[in-house]
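The values are calculated or read from the model by the stated rules, or taken from the named source; none is laboratory data. A quick note: this is a predicted structure, and the numbers were derived from the prediction, not measured. Glycine gets a Cβ as well: all are built from the backbone with ideal geometry, and neighbour counts include every protein chain shown. SASA here: full protein model, heavy atoms, side chains in, ligands and nucleic acids out. Shrake-Rupley method; radii C 1.70, N 1.55, O 1.52, S 1.80 Å.
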Amino acid sequence: MRARPGALQVGSFRGVPIRIHFSLLLALPLLAFSFAGTFQQAAAAADVPPGSLPGHPLVWGLVVAVGLFVSVLLHEMAHTLYALGHGGAVNGITLMIVGGVSELAETPRKPRDEALMALVGPLTSLGLAVVLAGATWLLKGLGLFPLQFAGFTLAMLNGVLGVFNLLPAFPMDGGRIVRAALTPRLGVLRATRVAALLGRAFAVLFGVWGVVSLNPFTLVIAFFVLMGAEAESKQVRMRVVLEHVRVAALMTPRAVGVDLDLTMADAQWALRREHTQMLPVTNGGHPVGRVSWAVVEGIKEDERAGCLVREVMEDGVVAELCEDGWTALRRMAEAGVPQLAVVDEEGLLAGTLDWNDLQRGMTRAEQELDRKDSRTGWPRERPA
């Protein structure tokens with residue numbers, strides 16, 4: 001399971017890694033400084049003497065900033081908990097400068113379950129807002145202004161977080177709800193396009209507002225909304241296309257790899273002969289690993305004839321002929337390998353599958369899909 005680049009794992013939830021992106025470490029002091037200024041302004045407005053405030057304003061600013069990201073984490077944990085209980089798969093939770101993201105490897109198959117998975121996040125944020133607002137009200141008149149400030153600010157921020165995520169556009173949770181509602185009528189592909197189009201429209205609105213208000217953070221949000229909408233649209237199209245194509249139709253046929261007991265000099269000539277950067281390592285025709293140009297070049301030329309492939313080969317990942325392309329792509333991504341060895345029913349090497357094979361197969365399948373759509377219109381899916 002590969003981590004998002006620039007992210008550090010700090011824990012786990014139900015076996016799902018929780019990571020902090022480096023952008024959060026940049027945002028945290030900025031938010032702490034901003035909340036510290038708001039803290040001082042609120043104290044002055046409430047006629048609270050500065051000398052009676054326990055702790056430096058920056059400390060309370062940091063408390064609110066950390067509380068905000070804890071709230072975001074709870075929001076994402078709600079998504080993850082529901083997804084895991086309803087057929088979904090989650091690669092990780094990552095907290096970053098614009099909030100958090102649950103990295104879904106597989107969404108729940110039923111549109112209703114996807115809608116509810118999306119809804120539980122905003123409901124968690126709104127529930128936190130109500131609880132924190134109630135706690136703030138109970139502290140009224142007790143002379144605990146810093147706690148009141150922290151509670152009120154976090155209640156307001158959670159309310160904004162819940163409402164913002166209900167906007168009906170990707171990549172917000174509201175976009176998933178829109179897609180789930182449209183999928184029974186339009187099919188998942190066209191429903192995703194509608195939600196992504198709404199996402200682009202909101203990104204433009206955020207961008208215009210950021211320019212008019214001279215707010216750089218709003219411009220950052222606009223950028224991430226636009227990129228998220230584009231990424232979701234491409235991923236769903238890729239999934240819809242590859243789910244209907246077998247690995248057998250995508251792979252490069254290859255019955256012979258590099259035998260386990262050959263030397264690295266033999267592996268070098270095999271790679272040159274096949275005009276490829278990587279080949280499976282086989283034992284009696286069964287794939288047991290892989291060897292690449294990078295491994296060959298890591299060994300001195302005069303030592304390659306005395307070095308066996310089995311001594312330096314890398315671990316390989318296998319796909320079966322009958323699998324669909326989307327399953328193979330997910331396995332490739334999760335293992336972090338650039339190539340899969342494809343095996344037949346007896347476990348013998350039948351070919352290899354890499355990103356170039358997937359790209360060529362997708363291009364052919366998309367052309368066929370577009371021709372079919374132009375003749376018959378968009379296929380409809382039955383409601384779950």
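Is it the case that some residue within the range 153-162 is modelled with pLDDT under 85 and open to solvent by less than 40 Å² (accessible area, probe 1.4 Å)?
First pass over the range 153-162, keeping only residues modelled with pLDDT under 85: none.
Within the range 153-162 (the criterion being modelled with pLDDT under 85 and open to solvent by less than 40 Å² (accessible area, probe 1.4 Å)), the answer is no, since none of the residues qualifies.
For the range 277-300, what are the residues that are touching a strand residue (DSSP E or B) at 6+ places or on another chain (Cβ under 8 Å) and outside any strand (DSSP E or B)?
Once the filter is applied, which keeps residues that are touching a strand residue (DSSP E or B) at 6+ places or on another chain (Cβ under 8 Å) and outside any strand (DSSP E or B), the range 277-300 yields Gln277, Gly285, Trp293, Val295.
Here is a check on your reading of the model: is Phe149 more than 19 Å from the chain's Cα centre (by Cα), of a type outside the set (A, V, I, L, M) and closer than 26 Å to Phe217 by Cα? Full working, then the answer.
On the way: more than 19 Å from the chain's Cα centre (by Cα): yes; of a type outside the set (A, V, I, L, M): yes; closer than 26 Å to Phe217 by Cα: yes.
Yes: the conditions hold for Phe149.
Quick grid of which residues meet (1) aromatic (Phe, Trp, Tyr); (2) open to solvent by 70 Å² or more (accessible area, probe 1.4 Å):
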site	(1), (2)
Leu28	no, no
Phe39	yes, no
Arg112	no, yes
Leu119	no, no
Ser125	no, no
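Which ones in the range 3-23 are at pLDDT 80 or above and under 23 Å from Pro216 (Cα atoms)?
The answer is Ile20, His21, Phe22.
Considering the range 310-339 alone, what residues qualify as being in a strand (DSSP E or B) and within 22 Å of the chain's Cα centre (by Cα)?
Correct list: Asp324, Gln339.
Quick check: anything in the range 355-371 hydrophobic (A, V, I, L, M, F, W, C), open to solvent by less than 60 Å² (accessible area, probe 1.4 Å) and part of a strand (DSSP E or B)?
For the range 355-371, residues hydrophobic (A, V, I, L, M, F, W, C), open to solvent by less than 60 Å² (accessible area, probe 1.4 Å) and part of a strand (DSSP E or B): absent.
Need at least 1 residues that are in contact with a Lys or Arg (Cβ under 8 Å, 6 or more places away or on another chain) and without any contact (Cβ under 8 Å) to a residue 40 or more places away in the chain per element, so show me which helices (runs of 4 or more DSSP H) inside the range 189-276 make the cut, counting only ones lying wholly within it. Quick ask: steps written out before the conclusion?
Values: elements: 216-242, 247-250, 264-274.
Filter on the range 189-276 gives 216-242, 264-274.
Out of all the residues in the range 128-140, is one or more in a loop (DSSP other than H, G, I, E, B) and either open to solvent by less than 70 Å² (accessible area, probe 1.4 Å) or in contact with a helix residue (DSSP H, G or I) (Cβ under 9 Å, 6 or more places away or on another chain) (or both)?
Yes - at least one qualifying residue is present in the range 128-140.
Would you check if Gly351 is at pLDDT 85 or above and not in a strand (DSSP E or B)? I'd like the intermediate steps shown before the answer.
Values: at pLDDT 85 or above: yes; not in a strand (DSSP E or B): no.
The answer is no for Gly351.
Could you please find all residues in the range 238-274 being exposed (fewer than 15 other Cβ atoms within 10 Å of the Cβ) and within 26 Å of Leu329 (Cβ to Cβ)?
Glu243, His244, Ala249, Pro253, Ala255, Val256
Within the bounds of the range 134-149, is there any residue that is farther than 27 Å from Gly228 by Cβ and β-branched (Val, Ile, Thr)?
yes
Out of the residues in the range 227-237 that are out of contact with any Pro (no Cβ under 9 Å at 6 or more places or on another chain) and within 21 Å of Pro338 (Cβ to Cβ), state the one that is least open to solvent (accessible area, probe 1.4 Å).
Gln235
Enumerate the pairs (first residue in the range 173-185 and without any contact (Cβ under 8 Å) to a residue 24 or more places away in the chain; second residue anywhere and of a type in the set (A, V, I, L, M, F, W, C) and open to solvent by 30 Å² or more (accessible area, probe 1.4 Å)) with beta-carbon separation below 9 Å, excluding pairs fewer than 6 apart on the same chain, so at least 6 apart or on different chains.
Close Cβ pairs satisfying both conditions: Val178/Val194; Val178/Leu198; Leu182/Val194.
Select from the range 308-327 the residues that are open to solvent by 50 Å² or more (accessible area, probe 1.4 Å) and not β-branched (Val, Ile, Thr) and write down the one among them that is nearest to Thr252 (Cα to Cα).
If we take residues in the range 308-327 being open to solvent by 50 Å² or more (accessible area, probe 1.4 Å) and not β-branched (Val, Ile, Thr), then Glu320 is nearest to Thr252 (Cα to Cα).
Select, from Val66, Val72, Val59, the only residue that is modelled with pLDDT of 80 or more, closer than 15 Å to Val101 by Cβ and out of contact with any Phe, Trp or Tyr (no Cβ under 8 Å at 6 or more places or on another chain).
Of the residues listed, the single one that is modelled with pLDDT of 80 or more, closer than 15 Å to Val101 by Cβ and out of contact with any Phe, Trp or Tyr (no Cβ under 8 Å at 6 or more places or on another chain) is Val72.
Is it fair to say Phe149 is open to solvent by less than 60 Å² (accessible area, probe 1.4 Å), touching a residue at least 60 places away in the same chain (Cβ under 8 Å) and not in a helix (DSSP H, G or I)?
When the stated conditions are applied, Phe149 does not pass them.
Leu182 passes all but one of (1) over 19 Å from the mean Cα position of the chain (by Cα); (2) more than 29 Å from Val70 (Cβ to Cβ); (3) crowded, with 19+ Cβ neighbours inside 10 Å; which number fails?
That leaves (3) as the condition not met.
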